[in-house]
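**Q** Following this message is one structure expressed as structure tokens.
The values are calculated or read from the model by the stated rules, or taken from the named source; none is laboratory data. Just so you know, these numbers come straight off a predicted model, no measurement behind them. Every residue, glycine as well, gets a Cβ built from its backbone with ideal geometry; the counts of neighbours run over all protein chains shown. Heads up: the accessible areas ignore ligands, DNA and RNA and are worked out on the full protein's heavy atoms, side chains in. Shrake-Rupley method; radii C 1.70, N 1.55, O 1.52, S 1.80 Å.
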Amino acid sequence: MQVSQYAASITPSATMAAGAKAKELKAQGINVFDFATGEPDFITPAHICAAATQAMKDGHTKYTPSSGLIELKQAVADYHRQWHGLDYAPASICVSSGAKHTIYSALLATLNPGDEVIIPTPYWVSYSELVKMAGAVPILVETTRKNRFLLKADQFRSAITPKTKMLMLNSPSNPTGSAYAKDELESIAKIIVDKNLICLSDEIYERLIYTDTPFVAMASFGKDVFDRTLTVNGVSKTYAMTGWRIGWTCGPANIIKAMDSIQGQQTSNPSSISQWAAIAALRGEQQCVEQMKVEFVKRRDYVCQRLNAIAHLSIEPPDGAFYAFFDVSAYFGKTFGNVLVKDSQTFCLALLEQGHVNTVQGSAFGAEGYARMSFATSMETIRGGLDALEAWLATGK
Ligand code: PMP
Ligand code: GLU
């Protein structure tokens, strides 16, 4: 049997693959310092787990509407109103099995074959593949470290062609942690309106910002932008709920209706139990988020201070999310053991196999020369892993 041309054209997720590789080594009894996958190490807060248990006891174990329970849509609507002043009716909300799934549903509901989607690099590994899986064409636009890895308005404008349909934006960003300030985002919003494009704004890390610059939602720049924005969010990162698989898109009712039809044929509905848990997350006490954030700040500061103290490595502290995206290119051309490190992929593989530190190569995010380290893991692992990284780097000749 042969796999389809479609399946053969899809690159597997590097973040998922790196996570699996570390698990393999751990199963062989090797102590790996694992910084590959971006998922909070915290256990889902107790009141959220209790709501799931209660949902099962109450018999909420059946199919739900394809785009989610009305109770959850109402909680999502209230959330966006309370946190961002955005007015989404339940008919403008589609709940999916995680943010990754909701992005795919949103792309399937809006893109036609050959449509171009502008994606600033570095970008989260799944964006380009999801666009391809929707039959459209990812157009990568390179941002620079000098510009804090943010897309500049003039860069955006010059990447637009008659085929451009959408911009995919992620603030704060995975993998760089960079977040757009209000004026930076507004200049992009103006172009979206001017050129009548769609903005898919992935705001999954909006609650995890560590600077004084407040988060701004793309859809908040007035009706014209609101009408052209698909706001993506979910509970995975904010509430340490990666395994529960609940994410959502807010946008124009006709697009949401199309997403509902797609999901009705595809997954039937997101897990009923997880939906009740997500309601508890959104409506319950928010102190748990603040507590996790305090830990993330400590880790961010420690990681950056340690990386900057290692010869030839450097990083500017990320504004948000939980990733350190650091320049490792000074080590290219060196030999570690009998391995010549020539790019980020050989760097990360040699670091894992020899130093037992698991990171993800920058090339998977469209940015050669870098490595990504998730600091959503314990301080103990971070300390040990950075010691191991430093020791391994010193063996390069
Ligand atoms: N968007 C970004 C930027 C992410 O980093 C992730 C991480 N998985 C997702 C979406 C998907 O989140 P989920 O686990 O809810 O599918
Ligand atoms: N988004 C996380 C990451 O980048 C989780 C894995 C994935 O969904 O890609 O590591």
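**Q** Testing the spin-label approximation: label points 7 Å from Cα along Cα→Cβ at residue 6 and residue 142. State their distance in nm.
**A** Placing both labels 7 Å along Cα→Cβ, they lie 3.3 nm apart.
**Q** Please work out the Cα center distance from segment 295-351 to segment 373-395, rounded to the nearest Å.
**A** 10
**Q** Would you please give the FRET efficiency between residue 224 and residue 63, computed as 1/(1 + (r/R0)^6) with r the Cβ-Cβ distance and R0 = 41 Å, to the nearest 0.05?
**A** 0.65
**Q** Could you run the Karplus curve 6.51 cos²θ - 1.76 cosθ + 1.60 with θ = phi - 60° over segment 335-341 and give me ³J(HN,Hα) per residue in whole Hz, x for Gly and Pro?
**A** 10, 10, x, 10, 9, 8, 7
**Q** Under a 5 Å amide H to amide H cut-off, with H placed in plane at 1.01 Å, what residues pair with residue 199 once short-range neighbours are removed?
**A** For residue 199, the qualifying residues are 167, 229, 230.
**Q** Can you run phi through the Karplus equation (6.51, -1.76, 1.60; θ = phi - 60°) for segment 150-167 and list ³J(HN,Hα) in whole Hz, with x for Gly and Pro?
**A** My calculation for segment 150-167 gives 9, 6, 8, 4, 5, 4, 4, 4, 6, 8, 6, 10, x, 8, 5, 10, 8, 10 Hz in order.
**Q** In nm, to one decimal, how far is the modelled label at residue 291 from the one at residue 42, with both set 7 Å along Cα→Cβ?
**A** Result for the modelled spin labels: 0.8 nm.
**Q** How would 186, 142, 353 line up by accessible area, probe 1.4 Å, largest first?
**A** 142, 353, 186
**Q** Only four residue types carry charge here, +1 at the Cβ of Lys and Arg and -1 at the Cβ of Asp and Glu. Report the dipole size of the chain about the Cα centre in Debye, rounded to the nearest 20.
**A** Dipole size: approximately 400 debye.
**Q** Okay, next question. Full extension from residue 309 to residue 338: what is 0.36 nm times the residue separation minus their Cα-Cα distance, to one decimal in nm?
**A** Going from the current span to full extension adds 7.8 nm.
**Q** If I take R0 = 35 Å and measure r between the Cβ atoms of residue 53 and residue 16 in this structure, what FRET efficiency does the formula 1/(1 + (r/R0)^6) give, to the nearest 0.05?
**A** FRET efficiency, residue 53 to residue 16: 0.75.
**Q** Give me the 1.4 Å probe accessible area per residue for the chain, excluding ligands and nucleic acids, in Å².
**A** With the other protein chains kept in place, the chain gives 42 Å² per residue.
**Q** Would you look at the GNM of the chain, springs on alpha carbons closer than 10 Å, and say which of 259, 292, 373 moves the most?
**A** Between 259, 292, 373, it is 292 that shows the largest mean-square fluctuation.
**Q** Right, something else. Using a 1.4 Å probe on the protein chains only, how many percent of the accessible area of the chain belongs to carbon and sulfur?
**A** 54
**Q** Another one. What accessible area, in Å² to the nearest ten, does a 1.4 Å probe give for residue 312?
**A** Surface open to solvent at residue 312 totals about 120 Å².
**Q** Keeping every protein chain in place, order 97, 158 by accessible area at 1.4 Å, biggest value first, i.e. largest first.
**A** 158, 97
**Q** Step through the residues of segment 170-181 one at a time and calculate ³J(HN,Hα) from phi using the Karplus curve (6.51 cos²θ - 1.76 cosθ + 1.60, θ = phi - 60°), rounding each to whole Hz and writing x for Gly and Pro.
**A** 9, 9, x, 8, 9, x, 8, x, 5, 10, 7, 7
**Q** For the full complex of protein chains and a 1.4 angstrom probe, list 341, 3 by accessible area with the highest value first.
**A** Greatest to least solvent exposure: 3, 341.
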